[in-house]
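The values are calculated or read from the model by the stated rules, or taken from the named source; none is laboratory data. Please read all numbers here as calculations on a predicted model, not as lab measurements. Reconstructed Cβ throughout: ideal geometry from the backbone, glycine too, with neighbour counts over all protein chains shown. Heavy atoms of the whole protein, side chains included, go into the accessibility calculation; ligands, DNA and RNA do not. Shrake-Rupley method; radii C 1.70, N 1.55, O 1.52, S 1.80 Å.
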Amino acid sequence: MEATGTDEVEKIKSKFMSAWHNMKYSWVLKTKTYFSRNSPVFLLGKCYHFKTDESGELSTDGSNFDKISAEISGNVEEFRKDFISRIWLTYREEFPQIKGSALTTDCGWGCTLRTGQMLLAQGLMLHFLGRAWVWPEALDIDSSDSESWTAHTVKKLTASFEASLTAEREPKILSNHHQGTLKRNCDDNEMRNEVYHRKIISWFGDSPLAAFGLHQLIEYGKKSGKIAGDWYGPAVVAHILRKAVEEARDPELQGVTVYVAQDCTVYSSDVIDRQCSLMDSGKADTKAVIILVPVRLGGERTNMDYLEFVKGILSLEYCVGIIGGKPKQSYYFAGFQDDSLIYMDPHYCQSFVDVSIKDFPLESFHCPSPKKMSFKKMDPSCTIGFYCRTVQDFEKASEEITKMLKSSSKEKYPLFTFVKGHSRDYDFASSPLHEENDLFSEDEKKRLKRFSTEEFVLL
């Protein structure tokens with residue numbers, strides 16, 4: 001009876017905290033972000049120019065698009081469409097209770113897990129959809145300036161979405177033959193893309209069965225001493241993501257693996273071994289790899305000397321973003337303009353969406369407006385991510401990034417390095433244990449413990 005009373009207290013506490021965080025984080029999308037017309041904007045390797053003869057700033061929420069030329073407006077729209085198409089994973093409330101706790105929301109503590117999910121989602125989007133893909137409905141999203149995404153809003157959006165599916169589109173003036181052929185080709189391709197779009201989002205659903213959902217990530221986090229409600233650092237999340245992908249049983253995910261750099265070093269042979277490992281089906285084929293590199297961009301504060309390198313990394317199309325943020329507040333960095341980083345903010349409490357339902361609403365998984373932050377405000381602890389489809393892609397990326405590291409390093413040592421050979425050649429344990437009750441090897445546990453206390457060796 002006492003335990004039941006404690007559970008009730010925890011549930012009431014959880015509901016109170018959800019209400020508080022709803023109020024606290026509801027302002028996130030209400031603030032406008034302004035971009036300079038005279039500087040290029042980079043988003044995960046793509047460059048956009050908003051340049052006009054006039055000086056000034058441009059809001060990306062659509063409030064002053066009519067003031068610029070059609071040519072520039074088109075480019076702004078391309079940027080908006082590209083940004084909105086990225087998968088946005090935020091705080092949620094009223095999801096199934098997390099095992100071993102009374103928590104039904106991650107408000108206030110799950111932000112780094114959410115930014116880690118966003119980074120992994122971008123890697124999977126590159127793998128299944130390619131960098132050129134954009135969501136056809138992207139520009140239909142309302143910026144939600146006047147209200148937060150409550151359950152009522154989701155219902156409205158669902159109704160709007162269903163209406164858009166049944167509405168007739170304005171016909172183009174084409175012959176019947178061309179109409180039929182184009183429609184068939186477009187429909188087949190769009191249908192395939194939409195299936196993967198929904199499937200990727202469903203892998204991040206807030207339910208115990210979702211491969212990369214919060215519930216699963218927390219279970220893997222327990223192996224490194226973390227529990228639901230704890231704050232997770234970028235390095236710990238990198239290792240949790242690796243384990244989540246490693247343990248995923250969906251056949252579609254057998255062609256992807258994750259490698260986490262060891263002490264700021266990427267061992268090329270270890271990466272290639274992962275790419276060339278047998279799939280569960282026994283099929284011998286190379287896997288795509290998502291490389292995660294936990295680094296520290298300075299001591300107590302971020303060193304501005306690293307700015308050009310970070311900008312260079314975000315200029316690469318195979319970059320899948322950076323798990324970073326301000327102290328104790330994680331953001332997903334996906335681009336930059338001048339000395340400001342462009343990011344998606346997970347600190348926005350939205351209602352639980354059941355992704356197991358057919359045609360679940362997609363709108364709350366796409367961010368309507370980008371945010372910017374000065375690089376100097378960035379917390380030095382972060383994890384950088386890259387995607388390489390083939391071994392050749394990895395070798396090319398390692399050469400390109402190594403050159404970038406050397407040219408941007410003012411000190412004797414670069415931020416991280418690519419080394420030929422295996423980690424075992426340098427006295428590191430390279431074979432993780434696979435026992436069911438021990439997902440992390442002893443070497444990994446020591447490293448995670450060091451990362452979790454944010455103790456980095458600064459060269």
Each label sits 7 Å from Cα toward the beta-carbon; between K326 and E395 the label points are separated, in nm, by 4.6 nm
Taking Cα pairs under 8 Å and at least six residues apart, what relative contact order does segment 216-270 come out at, in percent?
27 percent
Plugging the Cβ-Cβ distance of D188 and S269 into 1/(1 + (r/R0)^6) at R0 = 45 Å yields, to the nearest 0.05, a FRET efficiency of 0.65
Of the accessible area of segment 238-350, computed with a 1.4 Å probe and all protein chains kept, carbon and sulfur make up a percent value of 46 percent
Could you tell me the center-to-center distance, by alpha carbons, between segment 218-239 and segment 73-96 in angstrom?
26 Å
Put T417, T115, T265 in order of accessible area, largest first, probe 1.4 Å, and you get T417, T265, T115
